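Visitor: Starting off with a structure, shown below.
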Amino acid sequence: MNDAPIDLFAEAAEAARTTPIDKIDVSQPSIYQNDTWRPWFARLREDAPIHYCAESRFGAFWSVTRYKDIMAVDTNHKVFSSDSQLGGITIRDAPMSFRRPSFISMDPPLHDDQRRAVSPIVAPTNLVNLEKLIRERSQKILDSLPINEEFNWVEKVSVELTTQMLATLFDFPFEDRHLLTYWSDIATADLLSGKVSSEEERNEILQQCVKYMRALFKQRENGPPRFDLLSMMARDPSTRDMDDKMFLGNCILLIVGGNDTTRNSISGGLLALNQYRDQYDKLRANPALIETMVPEIVRWQTPLAHMRRTAVEDFNLNGAAIKKGDKVVMWYISGNRDEEMIENADDFIIDRARPRQHLSFGFGIHRCVGNRLAEMQLKILWEEILARFPEINVTGPVKRVFSNFVHGIEEIPVIIPRRH
Amino acid sequence: MPKITFIEYNGTAHTVEVEEGLSVMEAAVNNGVPGIDADCGGACACATCHVYVDAAWEAKTGEKNESEAAMISFANGVEPNSRLSCQIKVTAELDGLVVRMPAGQH
Ligand code: HEM
Ligand code: FES
């Protein structure tokens with residue numbers, strides 16, 4: 001199910017069926033903004049599962065669209081590099097002078113060391129410590145929502161909750177926390193989105209992030225041990241001496257990683273339950289289903305539509321002759337709709353037998369560090385929502401992000417008719 | 001059929017019978033043993049099937065290959081006897097195997 005107006009959707013379905021295969025270009029951000037991406041990927045999965053697009057705004061690229069082929073690329077980091085100098089992990093190639101290494105856009109061995117430097121933040125014991133905090137904050141946010149009055153769910157709930165979480169992970173001054181969201185949005189904005197108009201402008205804004213974060217980093221190099229992302233980086237041999245580019249790269253990784261993605265899962269989940277009212281009924285009748293619903297939300301939304309790699313040698317990928325230097329895009333958003341692996345893949349079904357069988361967190365050595373933290377946030381939020389509100393109704397059309405990377409939602413008008 | 005015992009982090013033991021040829025991960029998942037998530041379904045790509053192999057069984061369960069070693073190095077609480085249970089195949093030789101679970105799977 002999609003939320004585009006009927007004619008727009010019918011038009012897209014027709015275009016997806018009739019466009020010559022070599023002219024299909026799934027990098028166009030508009031198909032995500034107007035929610036017409038499904039038929040394009042359905043066509044590719046069927047007719048050209050590993051598809052070459054010779055010309056696009058982002059240059060030539062391969063699209064990998066089936067679950068198993070995506071898994072094959074994601075787990076073969078020796079052939080499919082994430083290196084920022086080769087272009088990194090998004091379809092957009094930043095100009096050479098703005099390429100910033102971070103451990104998501106590095107290959108072993110440095111990737112491995114830096115990942116290990118920060119991963120204790122999501123160790124099981126720390127998750128237990130965070131649980132109480134997340135619950136208190138969720139309760140506070142939900143208790144402050146207006147009743148019987150329309151508001152934007154994204155702004156009041158999704159953004160607020162994830163920004164607070166992010167501030168905690170960085171131990172960032174709470175009153176300035178909106179800066180984190182701002183930097184996150186700027187870092188990922190498409191140049192045609194209106195948020196930034198050039199790479200120079202983007203870089204200039206992000207230099208404020210470097211300056212702010214550097215000051216905190218410096219304070220945390222010494223003194224009693226502290227448990228936050230900046231302190232961890234300031235004290236680990238693999239991360240304590242980063243130059244400004246790598247420092248910014250890793251800060252942005254940790255900001256974007258934990259922010260847009262969880263935000264859009266919170267938004268996407270509410271939308272999904274409104275589009276599939278039978279699932280909402282099932283959930284109300286049995287709140288224990290939150291456990292399996294949470295990974296299903298993350299699959300259904302697929303908050304990051306793709307990850308990109310660059311081939312460092314010629315490789316035959318299931319019949320496709322990929323050449324050294326080629327740009328290879330794993331469309332998670334498509335693999336998560338692959339009927340070969342997921343039954344009724346387009347549907348939102350909250351009690352699937354193997355709900356964690358999805359690609360939204362990637363697989364292999366770059367698999368999302370924060371995946372259990374993200375799930376925990378969603379789980380707590382839905383427990384608290386069900387405890388308070390009999391229903392939350394979407395009341396109008398949603399506004400989506402103009403991006404082929406961040407699969408996100410900017411606005412969902414909702415009304416909560418009453419409390420329990 | 002070989003028997004395998006899984007000991008949860010809280011100490012609860014589960015002994016299950018498994019067909020030879022399946023993986024130790026599948027032995028747990030197919031029998032509803034809690035504590036092994038196996039997000040990737042056995043592709044050695046998620047490290048959420050982490051177990052500790054009891055000392056007596058280390059030799060019989062074999063060596064980690066390169067990709068298992070790489071994935072497991074990102075798991076939480078890694079010890080020398082840590083293994084990804086999807087990479088251990090059940091054989092008659094492993095009848096009686098005992099493995100323990102970590103505090104959580106990440
Ligand atoms: C629903 C929420 C989330 C989604 C969908 C998501 C998605 C992803 C994806 C697709 C990757 C790359 C995987 C690959 O290349 O194979 C990734 C990596 C990463 N994520 Fe997340 N993420 C989420 C939440 C979080 C949170 C809350 C954090 C913060 C703690 C986080 C931190 C990271 C980091 C640091 C990496 C880089 C890992 C590496 O390169 O080794 N993510 N995430
Ligand atoms: S099940 Fe994913 S690594 Fe074993």
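The values are calculated or read from the model by the stated rules, or taken from the named source; none is laboratory data. Keep in mind that what you see is a predicted model, and the values were worked out from it rather than measured. Every residue, glycine among them, receives a Cβ derived from its backbone with ideal geometry; neighbour counts consider all protein chains shown. Note: areas computed on protein heavy atoms with side chains; ligands, DNA, RNA excluded. Shrake-Rupley method; radii C 1.70, N 1.55, O 1.52, S 1.80 Å.
Visitor: Identify, please: which residue in segment A:256-307 is more than 30 Å from residue A:364 (Cα to Cα) and among the acidic types (Asp, Glu) and is, among those, farthest from ligand 2 (Cβ to nearest atom)?
Guide: Among residues in segment A:256-307 that are more than 30 Å from residue A:364 (Cα to Cα) and among the acidic types (Asp, Glu), the one farthest from ligand 2 (Cβ to nearest atom) is A:281.
Visitor: Tell me which of these residue A:297 doesn't satisfy, since it passes every other one: (1) surrounded by 20 or more Cβ atoms within 10 Å (Cβ to Cβ); (2) more than 18 Å from residue A:359 (Cβ to Cβ).
Guide: (2) is the only condition that residue A:297 fails.
Visitor: Can you name the number of the only condition in (1) in contact with a Leu (Cβ under 9 Å, 6 or more places away or on another chain); (2) away from ligand 2 (no atom under 13 Å from the Cβ) that residue B:49 fails?
Guide: Condition (2) is where residue B:49 drops out.
Visitor: Taking the residues in segment A:94-147 that are part of a loop (DSSP other than H, G, I, E, B) and within 26 Å of residue A:189 (Cβ to Cβ) as candidates, determine which candidate is nearest to the other protein chains (Cβ to nearest Cβ).
Guide: Result: A:106.
Visitor: Only one residue in A:348, A:315, A:361 is within 16 Å of ligand 2 (Cβ to nearest atom) and not aliphatic (A, V, I, L, M). Which one?
Guide: Criteria check complete, one pass: A:361.
Visitor: Condition first: free of Cβ contacts under 8 Å to residues at least 12 places away in the same chain, more than 13 Å from ligand 2 (Cβ to nearest atom) and within 14 Å of chain A (Cβ to nearest Cβ). Now tell me which residues in segment B:5-29 satisfy that.
Guide: Selection gives B:10 alone.
Visitor: Output the number of residues of segment A:249-263 satisfying the condition of being hydroxyl-bearing (Ser, Thr, Tyr) and either open to solvent by 20 Å² or more (accessible area, probe 1.4 Å) or more than 8 Å from ligand 1 (Cβ to nearest atom) (or both).
Guide: 1
Visitor: Being of a type in the set (Phe, Trp, Tyr) and open to solvent by 30 Å² or more (accessible area, probe 1.4 Å) is the filter here, so list the residues in segment A:374-420 that pass it.
Guide: Result: A:402, single match.
Visitor: Also: I'd like to check something: does segment A:88-101 contain any residue that is in contact with a Pro (Cβ under 8 Å, 6 or more places away or on another chain) and open to solvent by less than 40 Å² (accessible area, probe 1.4 Å)?
Guide: no
Visitor: Okay, next question. Do you know which residues across segment A:257-304 are closer than 19 Å to residue A:342 by Cα, assigned to a loop (DSSP other than H, G, I, E, B) and touching a Ser or Thr at 6+ places or on another chain (Cβ under 8 Å)?
Guide: A:302, A:303
Visitor: So, of the residues in segment A:102-123 that are free of Cβ contacts under 8 Å to residues at least 40 places away in the same chain and open to solvent by less than 50 Å² (accessible area, probe 1.4 Å), which turns out to be farthest from residue A:314 (Cα to Cα)?
Guide: The extreme case among them is A:123.
Visitor: Let me ask something additional. Of all residues in segment A:263-320 being under 17 Å from the mean Cα position of the chain (by Cα) and of a type in the set (Val, Ile, Thr), which is nearest to residue A:106 (Cα to Cα)?
Guide: In this case the residue turns out to be A:302.
Visitor: Just wondering, is there one or more residues in segment A:359-370 that are within 14 Å of another protein chain (Cβ to nearest Cβ), under 25 Å from residue A:74 (Cα atoms), over 16 Å from the mean Cα position of the chain (by Cα) and free of Cβ contacts under 8 Å to residues at least 60 places away in the same chain?
Guide: Within segment A:359-370, not a single residue is within 14 Å of another protein chain (Cβ to nearest Cβ), under 25 Å from residue A:74 (Cα atoms), over 16 Å from the mean Cα position of the chain (by Cα) and free of Cβ contacts under 8 Å to residues at least 60 places away in the same chain.
Visitor: Spot the failing condition for residue A:330; the list is (1) within 14 Å of another protein chain (Cβ to nearest Cβ); (2) among the aliphatic types (A, V, I, L, M); (3) more than 16 Å from ligand 2 (Cβ to nearest atom); (4) farther than 19 Å from residue A:64 by Cα, and only one is missed.
Guide: (4)
Visitor: Please give the number of the condition residue A:354 fails out of (1) within 16 Å of ligand 2 (Cβ to nearest atom); (2) farther than 27 Å from residue A:33 by Cα; (3) under 19 Å from the mean Cα position of the chain (by Cα).
Guide: That leaves (3) as the condition not met.
Visitor: Oh, and also: Return the total of residues in segment B:54-95 being touching a Ser or Thr at 6+ places or on another chain (Cβ under 8 Å) and more than 10 Å from chain A (Cβ to nearest Cβ).
Guide: Of the residues in segment B:54-95, 9 are touching a Ser or Thr at 6+ places or on another chain (Cβ under 8 Å) and more than 10 Å from chain A (Cβ to nearest Cβ).
Yes/no matrix, rows are residues, columns are (1) out of contact with any Cys (no Cβ under 6 Å at 6 or more places or on another chain); (2) open to solvent by less than 20 Å² (accessible area, probe 1.4 Å); (3) away from ligand 1 (no atom under 16 Å from the Cβ):
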residue	(1), (2), (3)
B:41	yes, no, no
B:44	yes, yes, no
B:47	yes, yes, no
B:76	yes, no, no
B:89	yes, no, yes
B:95	yes, no, yes
